[in-house]
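Down below is the structure, laid out as structure tokens.
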């Protein structure tokens, strides 16, 4: 589909009004073109309406990379990823309106800085997302277009399994976009994403590829795991999680209110609290002073311990078959990720 043609076909409101670009994110043009995959998506009416709701707009101000945006160039937003997932679903299942709506809604429960605060004060982005789908303003939009909010929630919970949620341990479209988009931002993507996409298929809801493409995807999965266990992620995340707990202890802010903040609003809250102001400035402007080592430190060492909640790893199929049978060497690379450290000690110099 020629997105430029669609852009030019917008009705002119007179006076030489400017048309939106193909990559705009508010549904003003009939087509959205994802810049990573270069997929042009003709937006359905429900998708246009959802893109204009506050929960979806909020994701434009939440960093997909979380606190690691302080130390890397992983600066794209959670909304950019969300639209990338929509593009993939529209590519593989163009007529599945329910799955496409679920793709747009799959991340609306994320806290500020995405996964950074997951588990803090019991907050869980899956539960928050389900609540958001079932309430205003999202539920009325879905109902307006004949979509049941409960059915969307069930689909996001893997009932039934779909290319969006997939099967545990296998690569789905959500994680595919995350790994490839992160790889591009980190400069470790050697292949044009559009060329990767041309060699992918879906088999029983999981991403399937030829042997060489599967190897490239496994490389991205492994690189992402190493990023999560690196200084670049562990240091900033551990600091910002501590700041969030301090903010909840020292201000009237509730966990539910924290969960709905954007990243800029969170930094403003840190700067407004005497207990968090100094360290908030340090992590933004002096992150080089932060030290991270794997394992637990002796009791007499200053600082704090930090544990990663999980290391993400999911395997593509090779020509429709699981890696263990079709490419045991690639399966072994993913298995080796289990040896990466998850416990760390962090301190300021």
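Things to note:
- Flag for residue 252 being farther than 30 Å from residue 171 by Cα, in contact with a helix residue (DSSP H, G or I) (Cβ under 8 Å, 6 or more places away or on another chain), surrounded by fewer than 19 Cβ atoms within 10 Å (Cβ to Cβ) and at pLDDT 95 or above: no
- Residues (touching a residue at least 60 places away in the same chain (Cβ under 8 Å) and part of a helix (DSSP H, G or I)) located in segment 88-114: 88, 89, 91, 92, 99, 102, 103
Residues checked against (1) at pLDDT below 95; (2) touching a strand residue (DSSP E or B) at 6+ places or on another chain (Cβ under 7 Å); (3) surrounded by fewer than 22 Cβ atoms within 10 Å (Cβ to Cβ); (4) part of a helix (DSSP H, G or I):
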site	(1), (2), (3), (4)
41	no, yes, no, no
46	no, no, yes, yes
59	no, yes, no, yes
67	no, no, no, yes
74	yes, no, yes, no
82	no, no, no, yes
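- Residue count for segment 43-86, restricted to those that are more than 14 Å from the chain's Cα centre (by Cα) and under 23 Å from residue 137 (Cα atoms): 14
- The residues of segment 183-201 that are in contact with a strand residue (DSSP E or B) (Cβ under 7 Å, 6 or more places away or on another chain) and either modelled with pLDDT under 95 or buried (at least 18 other Cβ atoms within 10 Å of the Cβ) (or both) amount to a single one, 200.
- Conditions (1) in contact (Cβ under 8 Å) with a residue 60 or more places away in the chain; (2) surrounded by fewer than 15 Cβ atoms within 10 Å (Cβ to Cβ): number failed by residue 150: (1)
- Residues located in segment 218-228, provided they are over 17 Å from the mean Cα position of the chain (by Cα) and surrounded by 19 or more Cβ atoms within 10 Å (Cβ to Cβ): 218
- Count of segment 192-206 residues which are in a strand (DSSP E or B) and within 20 Å of the chain's Cα centre (by Cα): 1
- Residues located in segment 101-125, provided they are touching a helix residue (DSSP H, G or I) at 6+ places or on another chain (Cβ under 7 Å), within 24 Å of residue 148 (Cα to Cα) and surrounded by fewer than 24 Cβ atoms within 10 Å (Cβ to Cβ): 107, 109
- Test: residue in segment 247-270 that is part of a helix (DSSP H, G or I) and under 30 Å from residue 330 (Cα atoms): no
- Selection status of residue 146, closer than 29 Å to residue 234 by Cβ, assigned to a loop (DSSP other than H, G, I, E, B) and either under 19 Å from the mean Cα position of the chain (by Cα) or at pLDDT 95 or above (or both): no
The values are calculated or read from the model by the stated rules, or taken from the named source; none is laboratory data. Given the structure is predicted, the values throughout are model-derived calculations rather than measurements. Because the Cβ atoms are built from the backbone with ideal geometry, glycine has one as well, and the counts that use them run over all protein chains shown.
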